[in-house]
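The values are calculated or read from the model by the stated rules, or taken from the named source; none is laboratory data. From a predicted model like this one, the values you see are computed outputs, not experimental measurements. Here Cβ is always computed from backbone atoms with ideal geometry, including for glycine, and neighbour counts include all displayed protein chains.
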């Protein structure tokens with residue numbers, strides 16, 4: 001296991017000398033993909049699909065007995 005720790009330390013030291021370019025690109029890419037997925041997840045709940053396909057409003061049997069003005 002020490003070989004893995006030494007290899008990781010060497011990679012980190014090399015990356016520190018080269019600058020944050022690659023790391024920053026990865027962080028930005030992951031954050032943009034995450035924001036897009038979060039927006040899709042949140043906005044999909046606002047979709048209005050109240051028709052059955054024939055133009056009539058679809059509903060459940062529990063809505064049939066209720067007064068529309070109540």
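Could you tell me whether segment 20-43 includes any residue that is assigned to a helix (DSSP H, G or I) and either in contact with a strand residue (DSSP E or B) (Cβ under 7 Å, 6 or more places away or on another chain) or at pLDDT below 70 (or both)?
no
Being at pLDDT below 80 and either within 33 Å of the chain's Cα centre (by Cα) or assigned to a helix (DSSP H, G or I) (or both) holds for only one residue in 16, 5, 9, 68, and it is 16.
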